[in-house]
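The values are calculated or read from the model by the stated rules, or taken from the named source; none is laboratory data. Everything quoted here is computed from the prediction, not taken from an experiment. Reconstructed Cβ throughout: ideal geometry from the backbone, glycine too, with neighbour counts over all protein chains shown.
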Amino acid sequence: MGEPLLDGQRRKEVLRQCLSVGVATGTYGISFGALSVAAGLNLWQTIALSALLFSGASQFAVVGIIAAGGSGAAAVATSTLLGMRNGLYGLQMSRLLGVRGLRRVAAAQLTIDESTAVGVVQPERSAQRLGFWGTGLAVYVMWNLMTIVGAVVGNALGDPKRFGLDAAAPAAFCALLWPRLKRGDARAVAAVSAVIALVVAPHAPAGIPVLVAALAAIVAGLLPQRTGPAPA
């Protein structure tokens with residue numbers, strides 16, 4: 001038997017979730033666009049980062065490292081490490097979506113925190129697929145449009161140091177990270193990674209401390225979690 005189709009009301013509910021998440025998340029693209037041109041990237045480079053990389057944490061890391069004078073290699077390596085979680089999401093979503101060919105490529109591009117979260121939270125399989133595709137497309141369109149707006153505004157502002165924007169990329173990255181630190185172990189990993197970055201910073205070129213801290217966080221995430229004693 002095929003999957004039951006969603007009725008009109010249920011479909012509207014899922015699409016409303018997709019749109020609300022898309023607008024809320026995509027609006028942050030304004031910050032990225034402005035910070036990217038402030039870091040020295042031009043309009044087309046900024047647009048390409050959002051269109052091709054399409055990962056907020058990775059993109060903010062790239063512009064933060066470039067703004068600090070880090071190398072392109074350090075920026076790419078750090079953004080890759082931060083984006084590895086999307087690969088794990090992809091393993092889960094590939095079984096749910098069951099797509100092939102060009103649709104599989106599109107699904108890989110749209111596999112982010114928000115599309116995965118809205119998809120898997122739905123109780124019906126058809127709603128899960130709609131939630132994934134709807135949210136992914138909504139965020140992609142809004143993020144890229146707002147990136148252009150932010151980049152144009154950033155170009156109009158001129159020297160970013162006059163407005164303190166040279167320090168805004170790390171602040172934006174922290175704001176993006178903070179909601180994900182709900183669990184004690186996540187906060188502990190973040191704190192240790194921050195300490196490692198601070199210790200390494202005086203002795204390494206710009207961008208390397210972030211890369212080392214990201215590697216430490218990944219290693220910590222791979223360690224088996226301690227569990228309490230089994231209930232009697």
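Descriptive notes on the structure:
- Residue match in the range 112-122 (condition: at pLDDT 90 or above and more than 19 Å from the chain's Cα centre (by Cα)): no
- Out of 61, 77, 73, 34, sole residue that is of a type in the set (A, V, I, L, M, F, W, C), over 28 Å from residue 216 (Cα atoms) and part of a helix (DSSP H, G or I): 34
- Residue in the range 154-166 that is at positive phi, surrounded by fewer than 13 Cβ atoms within 10 Å (Cβ to Cβ) and modelled with pLDDT under 85 present: yes
- Residue within the range 42-59 that is touching a Leu at 6+ places or on another chain (Cβ under 8 Å), buried (at least 16 other Cβ atoms within 10 Å of the Cβ) and within 30 Å of residue 5 (Cα to Cα) present: no
- Taking the criterion of being buried (at least 20 other Cβ atoms within 10 Å of the Cβ), outside any helix (DSSP H, G or I) and touching a Ser or Thr at 6+ places or on another chain (Cβ under 7 Å), the only residue of the range 81-126 that qualifies is 112.
- Any pair with Cβ under 9 angstrom, 6 or more apart, that starts in the range 88-112 at a residue that is touching a residue at least 12 places away in the same chain (Cβ under 8 Å) and ends at one that is among the charged types (D, E, K, R) and surrounded by 15 or more Cβ atoms within 10 Å (Cβ to Cβ): 89/113; 96/129; 97/129
- Residues of the range 37-50 that are in a helix (DSSP H, G or I), out of contact with any helix residue (DSSP H, G or I) (no Cβ under 6 Å at 6 or more places or on another chain) and of a type outside the set (Phe, Trp, Tyr): 45, 47, 48.
- Test for residue 197: is it closer than 20 Å to residue 84 by Cβ, under 20 Å from the mean Cα position of the chain (by Cα) and either at pLDDT below 75 or not acidic (Asp, Glu) (or both): no
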